[in-house]
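Colleague: Below are the structure tokens for one structure; questions will follow.
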Amino acid sequence: MTSALLSAHAQQVLQAVQGSPKTADFAKDPAITRSWRRCLDQHGLDPASRRPPNVLENHTLNAHRAPLEHIIKVARWQMSSLHQQLGGDGHVVMLTDAQGVVIDSVFNDAERTDFQRAGLWLGAMWGEDVEGTNGVGTCLVERQQVTIRRDEHFRGKHAGLSCSASPVFDDQGELLAVLNLSSAREDQSPSAMLQAMALTNLSAKLIENCFFLGHEPQLYLLRFHPEARFVGLLGEGLVSFDDTARIRSVNQAALDLLGATRDQLIGQSLSTLLEMPAEQVIRYSSHQPTLCWPMRLVDGRLFYGQLRAPVRIATPTALNARRALPHINDDQFCMEDERLQRGLSRALRVLERDVPVFLQGETGTGKEAFAAALYRASSRSNQRFVAINCAAIPESLIESELFGYQGGSFTGARKEGMVGKLEQAHGGILFLDEIGDMPLALQTRLLRVLEERQVVPLGSGAPRPIDIRLISASHQDLQASVVAGRFREDLFYRLGGFTVQIPPLRERSDKGPLLDFLLRKEAGDSAIQLEPGVLEHLMAQAWPGNVRQLRICLRTLVALAWEGRITLEDAFELLPAPPASETDCEDPLGASERQTLMALVDEERWHIGRVATRLNISRNTLYRKLRQHGIARRTES
């Protein structure tokens, strides 16, 4: 810019600050005129100065970058995306710290010299007290998005630039950084400037949310929105809280959705915000949540949320325990229950030392899934995993299935013979499910195989060596079977080198994550939402069929879901409420309400909408009362 143009620009700035009517159209934004006054009165800057940009030396720049390496990593991808969306040429995207020092930038390498000459460079200082009114410096002071167009800059030297800057706040609402987009193009239209401003602000919010999501992973993280489909998107509310359910941080979107201030929430118990008890909320936590569950505020408003479980920071004692019992992750088996995880870790240690593992648990608890997870975690995961259900094979065939046979050994045998399961598992792991149903005669042969480590197929006198690790399982009490003479005592002790008790579903502490995990499996690529009340209804079930029953139930509900929505009516029809207890029947008011409800649902032929209308209550309230009184729709015979 020539001396004459610099002088003219300086004159306009001075006149605008003095309130000259000639400059009314020159600076309509009050934020800009406020900034010009600060530059003159507080900072004593000269708008006509030709002073070159202030750029820090490398060691000083590194001191500014080091505390913000985490935000630089978070922001880098978004900065590159923003640069590409705006066509690249003529644009530079910068990230500065809270002092206005540029700590990262994205630009086309061919334009490096031009941007460096303009001060749009690593280490450049863009604080308002140094460079006057500009996108970064004024954003830092105003703490809001600003756009500074060309000669709106205080210094005439920067009048060739147009800048849009947005603040990035941390999880406590403190200004963390500024994202700035600068352009040296003269042909930018007003619509292009608006687009640049909107994209910069959007990118800053994304960076802000990413920082929040990655900050303090040792805390619970609640993500919520009034619409389930918006959870996980930019407008979601974020709240972190500790093990005592004390709120530690909130993002601006959460404050806007809740209509609260940060001071009103930080340090308060989660119970002051949600109607649901904190311990019940925590049960829904998962390390990779995808299921949205309904949560009602104390003021009655309904939101949908996801709760991320904390990553535990190990103490020295915990580290020693972890070295002994490593945490095992398996994407095919949900085992966030502490007993399951401990059982799997210990079983892996003994299995690796060739000690047989025995799994004890009710039918449907997932014994085979546990065994498969143990196999995948073992050093033999690249060998075969051979599973056989001893209760599912006819007694006449189980011997040939286990030990194999030579061709022509018996009538109906294949000419080429058959390799038995024991030999198929050579080098790998054999899983014998429902071992308690194995006939006594075969128990004797199995014991010999385990002792001698060789198998003799039917019709052959030549033993074949085998190398197997053994996992067995049963829902029966094998010790009682030994006493009753149905199971060999010596085999019982040979199989039970290490016993893992698989807990029934009703006792598992990870029912929420498990339900989330199984629903994802059953839904596949389909997006599934649960109506309010469905999750609570599922969580309240006793599940006598355990995980198998839960999985079939979810598969059915997914199949019944209309437009991806599982209704409370479907869940209630599939899993009726338990019968009313005697104490309920002793309550005359409760008994009267129950009789009224039964009469109405029969009269309206179980049309829930019409019954709710007649009672002037919501469908959800009606369902809750039906469950409370144990009223279930009778199946037509």
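The values are calculated or read from the model by the stated rules, or taken from the named source; none is laboratory data. Keep in mind that what you see is a predicted model, and the values were worked out from it rather than measured. Cβ: placed from backbone, ideal geometry, glycine included. Neighbour counts: every protein chain shown.
Colleague: With respect to VAL500, is the statement that it is of a type in the set (A, V, I, L, M) and in a helix (DSSP H, G or I) true?
Modeller: Spelling it out, it is not the case that VAL500 is of a type in the set (A, V, I, L, M) and in a helix (DSSP H, G or I).
Colleague: Restricting attention to segment 597-615, which residues are in a loop (DSSP other than H, G, I, E, B) and under 19 Å from GLY533 (Cα atoms)?
Modeller: Matches in segment 597-615: TRP606, HIS607.
Colleague: In addition: Checking LYS157 against (1) in contact (Cβ under 8 Å) with a residue 60 or more places away in the chain; (2) in contact with a Lys or Arg (Cβ under 6 Å, 6 or more places away or on another chain); (3) farther than 30 Å from SER240 by Cβ; (4) not aliphatic (A, V, I, L, M), only one condition comes out false. Which one?
Modeller: Checking LYS157 against (1) in contact (Cβ under 8 Å) with a residue 60 or more places away in the chain; (2) in contact with a Lys or Arg (Cβ under 6 Å, 6 or more places away or on another chain); (3) farther than 30 Å from SER240 by Cβ; (4) not aliphatic (A, V, I, L, M), the one that fails is (2).
Colleague: Another question, then. Given the criterion surrounded by fewer than 23 Cβ atoms within 10 Å (Cβ to Cβ) and either touching a Pro at 6+ places or on another chain (Cβ under 9 Å) or among the aromatic types (Phe, Trp, Tyr) (or both), identify the matching residue among LEU176, LEU206, LEU202.
Modeller: Unique residue meeting the criteria: LEU176.
Colleague: A follow-up question, please. Show the residue pairs that are 6+ apart or on different chains and have beta-carbon atoms under 6 Å apart, the first residue being within segment 516-527 and under 19 Å from ARG308 (Cβ atoms) and not assigned by TED's automatic domain parsing to the domain that holds CYS292, the second being aliphatic (A, V, I, L, M) and in a helix (DSSP H, G or I).
Modeller: Final answer for the pair search is LEU518/LEU554; LEU519/LEU554.
Colleague: Sticking with this structure for a sec: Among the residues of segment 206-250, write down those that are over 21 Å from PRO67 (Cβ atoms) and assigned to a loop (DSSP other than H, G, I, E, B).
Modeller: Correct list: PRO226, GLU227, VAL231, GLY232, LEU233, LEU234, GLY235, GLU236, ASP242, ASP243, THR244, ALA245.
Colleague: Right, here's the next one. In segment 248-296, what residues are within 17 Å of the chain's Cα centre (by Cα) and on the phi > 0 side of the Ramachandran plot?
Modeller: Correct list: empty.
Colleague: Among the residues in segment 490-507, are any over 30 Å from ASP354 (Cα atoms) and either out of contact with any Ser or Thr (no Cβ under 8 Å at 6 or more places or on another chain) or of a type in the set (Val, Ile, Thr) (or both)?
Modeller: Taking every residue of segment 490-507 in turn, at least one turns out to be over 30 Å from ASP354 (Cα atoms) and either out of contact with any Ser or Thr (no Cβ under 8 Å at 6 or more places or on another chain) or of a type in the set (Val, Ile, Thr) (or both).
Colleague: Further question on the same structure: Quick one: count up the residues across segment 503-523 that are assigned to a loop (DSSP other than H, G, I, E, B) and at pLDDT 90 or above.
Modeller: Counting residues in segment 503-523 that are assigned to a loop (DSSP other than H, G, I, E, B) and at pLDDT 90 or above gives 2.
Colleague: Continuing with this model, one more query. Against the definition (over 19 Å from ALA441 (Cβ atoms) and modelled with pLDDT under 85), how does GLY364 come out, yes or no?
Modeller: No.
Colleague: Determine whether SER460 is assigned by TED's automatic domain parsing to the domain that holds ARG349, surrounded by 14 or more Cβ atoms within 10 Å (Cβ to Cβ), modelled with pLDDT under 85 and among the hydroxyl-bearing types (Ser, Thr, Tyr).
Modeller: yes
Colleague: Any residue at all in segment 401-423 that's small (Gly, Ala, Ser) and in a helix (DSSP H, G or I)?
Modeller: No; the residues of segment 401-423 include none that is small (Gly, Ala, Ser) and in a helix (DSSP H, G or I).
Colleague: Can you name every residue in segment 437-449 that is in a helix (DSSP H, G or I) and within 22 Å of VAL483 (Cβ to Cβ)?
Modeller: Listed by number, the residues that qualify are ASP437, LEU440, ALA441, LEU442, GLN443, THR444, LEU446, LEU447.
Colleague: Between a residue in segment 66-80 that is free of Cβ contacts under 8 Å to residues at least 40 places away in the same chain and any residue that is of a type in the set (Lys, Arg), which pairs come within a Cβ distance under 7 Å, given they are 6 or more apart or on different chains?
Modeller: Qualifying pairs under 7 Å: ILE72/ARG65.
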